[in-house]
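Structure first, then comments.
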Amino acid sequence: MGTQKWRRRPGQVVFTHEARCRDCYRCLRACPVKAIRVVEGQAYVDADRCIACGTCIRECPQHAKAFRVDLEEAMRLMAGPGPKAASVAPSFAALLGPENQNRLPGALRRLGFDFVGETASGAHEVARRTGELFRAAPSGQIICTACPAVVQYIEQYAPDLVDRLAPVVSPMIAHARILRARLGPETKVVFFGPCVTKKAEAGRPELRADVDCVLTFSEMVQWLAQEGITLPDCGESPFDESPPGDSRYFPLPGGLARTAGLATDLLDEQIIAVDGMEDLEQALDR
């Protein structure tokens with residue numbers, strides 16, 4: 001970070017660069033859980049209230065909000081012993097475009113990964129288990145737990161709904177467990193995805209043994225550039241596994257229901273698919 005001053009505490013995922021904060025308070029207005037505090041004219045993130053959704057990072061016009069970069073940790077893991085496995089979230093397709101999607105596995109292998117898999121394989125298991133719970137209790141209310149920001153929001157701000165959270169891990173955790181069962185318990189798993197909140201999820205005490213490091217797609221791009229790896233120079237090659245069914249649709253609104261073979265009609269009264277914190281709050285209020 002050089003001489004830049006960041007207001008944060010150890011382990012905090014989202015924090016403020018004080019020198020860049022210009023008192024516009026857009027983050028204060030945008031934060032869905034009111035986790036922004038103002039002290040002496042500086043807006044900072046209250047780690048005790050933050051759910052690491054990343055809203056303030058997107059909204060800050062001064063780029064004064066940032067997330068913890070774990071690239072050095074990933075590189076340290078790659079230099080250590082044991083097999084290395086990459087778990088890539090299915091939304092990578094939107095990041096790279098059709099011309100480079102089949103080049104990503106080769107690029108990650110150049111970084112040193114022994115196995116390059118799609119997190120969608122874990123999403124398939126999550127959807128299957130969630131579908132079983134839904135079919136076993138169709139009259140009950142089940143809140144899907146694929147998104148860690150949703151889980152943390154309910155735990156902190158709607159604790160009366162905690163018992164309705166499905167006892168199912170996220171696709172990231174499910175896939176990490178699949179990889180270790182396949183490759184051995186000493187396997188180091190690095191997850192690549194679009195969401196900052198995955199960093200917070202991996203740090204939960206009960207999940208720390210599952211994923212060794214979480215990198216956003218921007219960190220992945222930075223890592224490849226740092227190593228001089230460009231996708232056009234990488235040959236096309238498949239991932240080391242093929243996710244079953246419709247699991248690649250999992251990140252889309254209603255994707256879990258589609259993957260699980262449940263009704264996805266917008267007029268369906270038994271399943272509600274929401275997108276974004278505002279819609280989530282309205283759904284929970286109802």
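Quick notes
- Heavy-atom accessible surface of region 59-133: percent carbon and sulfur, 1.4 Å: 50
- Across the chain, the relative contact order, built from alpha-carbon pairs under 8 Å that are at least six residues apart, equals 21 percent.
- For region 64-222: rounded, prolate or oblate by the Cα gyration tensor [a/c cutoff 1.5]: prolate
- Taken along the Cα-to-beta-carbon direction at a fixed 7 Å, the label points for D46 and E18 span 2.0 nm.
- Shape call, the chain: gyration tensor on alpha carbons, a/c limit 1.5: oblate
- Anchor K34: lysines whose Cα lies under 21 Å away (excluding residues fewer than 8 positions away in-chain): K65, K198, K199
- What the chain shows is 51 Å² of accessible area per residue, with the surface traced by a 1.4 Å probe over protein heavy atoms.
- Per-residue extension of 0.36 nm, minus the Cα-Cα distance of R286 and V274, leaves a gain of 3.1 nm for this segment.
- Rounded if a/c under 1.5, otherwise prolate or oblate - region 7-63, Cα gyration tensor axes: rounded
- Rough spin-label spacing in nm, given labels placed 7 Å along Cα→Cβ, for R29 and H63: 2.3
- If both residues of a DSSP beta bridge must be in the chain, then about 40% of such bridges are antiparallel.
- Förster radius 25 Å - calculated FRET efficiency between R164 and E206, Cβ distance, rounded to 0.05: 0.85
The values are calculated or read from the model by the stated rules, or taken from the named source; none is laboratory data. If you're wondering where the values come from, they're calculated on a predicted model, not measured in any experiment. In this analysis, Cβ positions are derived from the backbone assuming ideal geometry, glycine residues included, and neighbour counts consider all displayed protein chains. The accessibility values were calculated without ligands, DNA or RNA, using every heavy atom of the protein model including side chains. Shrake-Rupley method; radii C 1.70, N 1.55, O 1.52, S 1.80 Å.
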